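*Asks:* Okay, handing you the structure first.
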Amino acid sequence: MSVVRLTMAQALVRYLCNQFTIVDGERVPLFPGVFAIFGHGNVTCLSEALEAVQDRLPTWRGQNEQSMALAAIGFAKAKRRRQIMVAATSIGPGALNMVTAAGVAHSNRLPVLMLSGDTFINRRPDPVMQQVEHFGNPTINVNDAFKAVTRYWDRIVHPEGIISSLPQAVATMLDPADCGPAFIALPQDVQEMAWDYPEEFFAEIVHAIPRPRPDANRLAEAVKLLKAAKRPLIISGGGARYSGAEHVLADLALIHGIPLCETIAGKSTVSHNHPAYVGPIGIVGSTSANALAASADVIVAVGTRLMDFTTGSWSAFATDAKFICINAARWDATKHRALAVVGDALATLNELGQSLVEWQAPREWTEKGRTEFAKWNKALDGYQQPTNQPVPSYAQVIGIVNARAGERDLVITAAGGLPGEVMKNWRVKAPNTFDCEFGFSCMGYEIAAGWGAALADPSRTPIVMIGDGTYMMMNSDIYSTVLSGHKMVVIVCDNGGYAVINRLQNAKGAASFNNLIKDCRVKESFSVDFVKHAESMGALTRRVDSLADLGQAVDWALGTDRTTVITLVSDGFTWTPGDAWWDVGVPEVSARPQVREAHVKQAQARKKQRVGV
């Protein structure tokens with residue numbers, strides 16, 4: 001057998017360089033780049049290997065381990081899981097900084113390869129710098145924390161170990177049913193070790209993402225149940241988009257007259273004006289989709305894990321409604337006694353469509369969907385209508401930005417008040433132009449994801465919409481994008497703190513406390529000058545004081561040559577109405593009568609929940 005002698009780190013990098021996939025008919029690297037922050041745990045070996053191949057596997061310097069991994073996740077979402085970025089850190093705090101990002105990738109079923117330095121396998125220099133010691137189990141260190149938030153976890157204790165580990169990591173990240181982050185710990189002494197690796201291990205491989213077909217009997221049951229429905233409803237989740245099933249699902253809904261709504265991850269499966277579309281569903285959804293959900297008798301859930309914000313904590317549907325769950329993952333398909341059709345969304349929908357020839361949902365039901373959606377659109381027009389109020393609402397701001405965004409521009413948000421407001425108010429112009437990270441709803445995702453999305457597709461502009469709280473939590477990748485030349489537009493809505501949590505706090509009877517800056521323990525409340533701060537990181541900036549100024553600023557920002565930040569004061573007390581309920585804990589005993597009243601209302605609303613059936 002022909003062999004080549006390499007260090008473990010060099011062999012790992014060479015393997016990554018030889019993995020390819022097909023995207024839109026073109027052969028491209030499966031791993032197109034690395035986000036990295038080097039420290040003593042990876043700078044002497046892994047960085048040496050990466051530097052040697054920087055023309056094939058470019059390395060981008062991060063400012064923060066969490067944010068660079070979030071950028072990798074934003075890249076994966078923009079690529080719809082078809083290409084994978086690597087995030088590499090040193091040991092100890094650098095590695096732990098990446099755990100939150102692993103949780104984002106895990107909950108959202110998104111691939112990212114995470115590589116962190118590790119302590120010495122031989123233990124000779126123990127305890128090394130940044131090592132956490134467990135007296136009863138010396139094999140444990142901080143990298144074990146990733147086990148709870150990754151789909152694949154390994155520690156390489158011998159250089160030969162990557163021969164079996166790397167293919168399994170790749171297979172996990174490409175598996176539609178098991179997709180998520182893969183983590184590999186790289187002990188410092190093993191990184192340096194040389195081994196005679198088989199040349200065959202580095203042979204080029206072109207990977208194809210599998211499309212498992214559904215069980216024929218289960219599909220036949222689904223067809224029978226759907227044909228008997230009087231009020232069917234389709235819920236499109238993120239899995240439909242990752243499968244590339246957007247057009248097939250849109251056509252299926254239109255041809256058979258089935259109203260189609262979207263989850264948060266599924267938004268932009270279709271455009272806002274698609275004839276079958278009835279709006280987003282759930283707690284941050286539309287009154288139109290929620291009205292249909294309340295009376296639907298059969299719900300076809302495609303590629304969704306049916307989180308509480310989609311189901312209204314399982315209060316949004318009739319107790320006797322039946323679910324057909326089409327999902328590549330058995331876990332996600334098998335919920336609330338659903339008829340689980342386990343398979344790839346595109347493959348399953350193609351077969352489903354062939355079995356529904358000439359069947360139509362009742363015309364009056366189809367028309368009800370269109371009528372309800374027309375009402376919702378009229379309501380949105382009212383919410384977004386400019387007024388003479390000195391401080392604009394989220395709806396008004398989003399309406400202005402949405403109107404000026406290009407057809408393919410990608411809007412990004414994740415946490416705070418903007419996810420609900422953007423879900424309701426953003427009218428999608430083209431499929432796959434919406435990214436609201438709400439599987440983990442991670443504050444700090446947005447700007448980092450903007451970098452990843454810009455890297456994934458430089459031909460469109462990521463438009464990042466955030467509040468002041470999120471900006472303060474993680475903003476350093478404004479600097480990253482200016483350094484690397486990956487432009488995005490950032491809209492900062494300053495409402496004086498964590499306004500949406502203040503809203504929830506008040507809604508459940510509690511006093512405003514520790515959310516808005518004015519309600520915190522501070523010497524003096526003041527606002528951050530986001531313009532000056534963003535300017536210091538190289539961005540172009542503008543502060544606006546009116547909706548008219550905002551429109552002009554967005555037009556200007558879309559035409560600039562680098563990352564551009566627009567900031568304005570927004571209303572933290574005016575929200576786009578919704579009609580879905582959310583289950584949260586409310587104190588059973590309290591000195592505040594408002595809290596006691598809220599607890600009674602919460603307990604009453606829980607009587608409407610489906611309890612797993």
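*Asks:* So which trypsin sites (Lys or Arg not before Pro) in the stretch 307-341 end up in coil per DSSP with only 14 or fewer other C-beta atoms within 10 Å?
*Replies:* On the way: sites: Lys322, Arg330, Lys335, Arg337; in loops: Lys335, Arg337.
Answer in residue order: Arg337.
*Asks:* Another question, then. Which residues among the stretch 310-335 fall inside the zone where the amide N is under 20 Å from a point 7 Å beyond the Cα of Lys608, along Cα→Cβ?
*Replies:* Label zone hits: 310-323.
*Asks:* Percent of Cα-Cα pairs per 5 Å bin, from 0 to the last occupied bin, for the stretch 14-61, please list those.
*Replies:* Computed distribution, short to long bins: 5, 20, 27, 22, 13, 7, 4, 2, 0.
*Asks:* Based on the alpha-carbon gyration tensor of the stretch 1-113 and its eigenvalue square roots a ≥ b ≥ c, which shape applies: rounded if a/c is under 1.5, prolate if not and a/b is larger than b/c, or oblate?
*Replies:* Values: a/c = 1.99, a/b = 1.07, b/c = 1.87.
Note, shape of the stretch 1-113 comes out oblate.
*Asks:* Still on this structure: Where the centroid of each part is defined by its Cα atoms, how far is the stretch 186-203 from the stretch 308-380 in Å?
*Replies:* 49 Å
*Asks:* Hey, what do the phi angles of the stretch 42-55 turn into as Karplus ³J(HN,Hα) couplings, whole Hz, using 6.51/-1.76/1.60 and θ = phi - 60°, x for Gly and Pro?
*Replies:* 8, 6, 7, 10, 5, 5, 4, 6, 5, 4, 6, 10, 5, 6
*Asks:* Another one. What does the accessible area of His599 come to, in Å² to the nearest 10, when a probe of 1.4 Å is used?
*Replies:* Using a 1.4 Å probe on the heavy atoms, I get roughly 40 Å².
*Asks:* DSSP loop (so not H, G, I, E, B), at most 12 other Cβ within 10 Å: list which GluC sites (Glu not before Pro) in the stretch 189-263 pass both filters. Each step should come with its number before you reach the end.
*Replies:* On the way: sites: Glu192, Glu199, Glu200, Glu204, Glu221, Glu246, Glu262; in loops: Glu204.
Qualifying residues, ordered by number: Glu204.
*Asks:* Let me ask something else. How much solvent-accessible surface does Met129 expose, in Å² to the nearest 10, with a 1.4 Å probe and all protein chains in place?
*Replies:* Here the accessible area works out near 120 Å².
*Asks:* To continue, here is another question. Which percent of the accessible area of the chain is formed by carbon and sulfur heavy atoms (probe 1.4 angstrom)?
*Replies:* Carbon plus sulfur share of accessible area: 53 percent.
*Asks:* With a bin width of 5 angstrom, please list the P(r) values of the stretch 46-89 as percents of all Cα-Cα pairs, from the 0 bin to the one holding the largest distance.
*Replies:* In whole percents, the pair-distance histogram is 6, 21, 25, 24, 19, 5, 0.
*Asks:* Additional query: So if I place +1 on the C-beta of Lys and Arg and -1 on the C-beta of Asp and Glu, and nothing else carries charge, what would the dipole magnitude of the chain be about its Cα centre? I want it in debye, nearest 20.
*Replies:* Dipole about the Cα centre, nearest 20: 1820 debye.
*Asks:* Now, a different point. Give the residue from Tyr197, Pro210, Leu254 lying farthest towards the positive end of the charge dipole for the stretch 183-261; charges sit on Cβ (+1 for Lys and Arg, -1 for Asp and Glu) and the dipole is referred to the Cα centre.
*Replies:* Result: Leu254, furthest along the dipole toward the positive end.
*Asks:* Just to be sure I understand the model, the point goes 7 Å from the Cα along the line to the Cβ. What's the resulting Asp215 to Ala591 distance in nm?
*Replies:* Between Asp215 and Ala591, the simple spin-label model gives 5.8 nm.
*Asks:* Express in whole angstrom the spacing between the alpha-carbon centres of the stretch 207-242 and the stretch 131-171.
*Replies:* 36 Å
*Asks:* Quick one: what Rg and Dmax do you get for the stretch 379-473 from the alpha carbons, in Å?
*Replies:* Radius of gyration, then largest Cα-Cα span, for the stretch 379-473: 13.3, 40 Å.
*Asks:* Count charges around Ala448 for me, please; just the other residues with Cβ under 14 Å from its Cβ, Lys/Arg as +1, Asp/Glu as -1.
*Replies:* Details: positive: Arg61, Lys77; negative: Glu65, Asp435, Glu437, Glu446, Asp477.
So the surrounding residues net to -3.
*Asks:* Enter the mean projected area of the convex hull around the alpha-carbon atoms of the stretch 227-370, in nm², rounded to one decimal.
*Replies:* On the way: hull surface 28.6 nm².
Seen from a random direction, the Cα hull of the stretch 227-370 projects 7.1 nm² on average.
*Asks:* Leaving ligands and nucleic acids out of the surface, order Asp332, Asp144, Asp555 by accessible area at 1.4 Å, largest first.
*Replies:* Working: Asp332 10, Asp144 30, Asp555 85 Å².
The ranking, largest first, comes out as Asp555, Asp144, Asp332.
*Asks:* Using the Cα centre of the chain as origin and beta-carbon charges of +1 (Lys, Arg) and -1 (Asp, Glu), tell me which of Ile398, Val522, Ala76 is placed farthest towards the positive end of the dipole.
*Replies:* Ile398
*Asks:* Report the full-extension gain for the segment Asp251 to Ser355: residue separation times 0.36 nm, less the Cα-Cα distance, to one decimal in nm.
*Replies:* Value of the extension gain: 36.0 nm.
*Asks:* Given the C-alpha atoms of the stretch 547-609, compute the convex hull and give its volume per residue in Å³.
*Replies:* On the way: hull volume 11.3 nm³, N = 63.
Here the figure is 179 Å³ per residue.
*Asks:* Roll a 1.4 Å probe over the protein chains and send me the accessible area per residue for the stretch 108-258 in Å². The partial results should precede the final answer.
*Replies:* Working: 6720 Å² over 151 residues.
Using a 1.4 Å probe on heavy atoms only, each residue of the stretch 108-258 averages 45 Å².
*Asks:* While we're on this one: What angle, in degrees between 0 and 90 and rounded to the nearest 10, separates the Cα long axis of helix 216-227 from the longest principal axis of the Cα atoms of the chain?
*Replies:* Approximately 20 degrees, to the nearest ten.
*Asks:* Tell me, what HN-Hα J-couplings in whole Hz come from the Karplus equation 6.51 cos²θ - 1.76 cosθ + 1.60 at θ = phi - 60° for each residue of the stretch 249-262, using x for Gly and Pro?
*Replies:* Here the 3J(HN,Hα) series is 5, 4, 5, 4, 4, 5, 4, 9, x, 9, x, 10, 10, 10 Hz.
*Asks:* Identify the trypsin sites (Lys or Arg not before Pro) of the stretch 195-296 meeting these criteria: DSSP loop state and at most 13 other C-beta atoms within 10 Å of the C-beta.
*Replies:* Numbers: sites: Arg218, Lys224, Lys227, Lys230, Arg241, Lys267; in loops: Lys230, Lys267.
Sites meeting the loop and neighbour criteria: Lys230.
*Asks:* Show me, for the stretch 493-510, the HN-Hα J-couplings you get by feeding each phi into the Karplus relation (A = 6.51, B = -1.76, C = 1.60, θ = phi - 60°), rounded to Hz, glycine and proline as x.
*Replies:* Using θ = phi - 60°, the values come out as 9, 8, 10, x, x, 8, 5, 5, 6, 4, 4, 5, 4, 5, 5, 9, x, 8 Hz.
*Asks:* Sticking with this one: Taking a probe of 1.4 Å, how large is the accessible area per residue of the stretch 488-566, in Å²? Working shown, then result.
*Replies:* On the way: 4170 Å² over 79 residues.
The answer is 53 Å² per residue.
*Asks:* Where does helix 8-17 land angle-wise versus the long Cα axis of the chain, in degrees 0 to 90, nearest 10?
*Replies:* Its long axis makes an angle of about 50 degrees.
*Asks:* From the helices alone, meaning DSSP H stretches of at least four residues, give me the mean residue ellipticity at 222 nm for the chain, per-run term -39500 (n - 2.57), in deg cm²/dmol to the nearest 500.
*Replies:* The helix contribution divided over the chain gives -10500 deg cm²/dmol.
*Asks:* How long are the three semi-axes of the equivalent ellipsoid for the chain, computed from the Cα gyration tensor as the root of 5 times each eigenvalue, in whole Å, largest first?
*Replies:* On the way: eigenvalues 313, 197, 116 Å².
Equivalent ellipsoid semi-axes, largest first: 40, 31, 24 Å.
The values are calculated or read from the model by the stated rules, or taken from the named source; none is laboratory data. This structure is a prediction, so every number in the text was calculated from the model and none was measured. Quick reminder, even Gly has a Cβ in these numbers, built from the backbone with ideal geometry, and neighbours come from all protein chains shown. Accessible surface areas use protein heavy atoms only, side chains included; no ligands, DNA or RNA. Shrake-Rupley method; radii C 1.70, N 1.55, O 1.52, S 1.80 Å.
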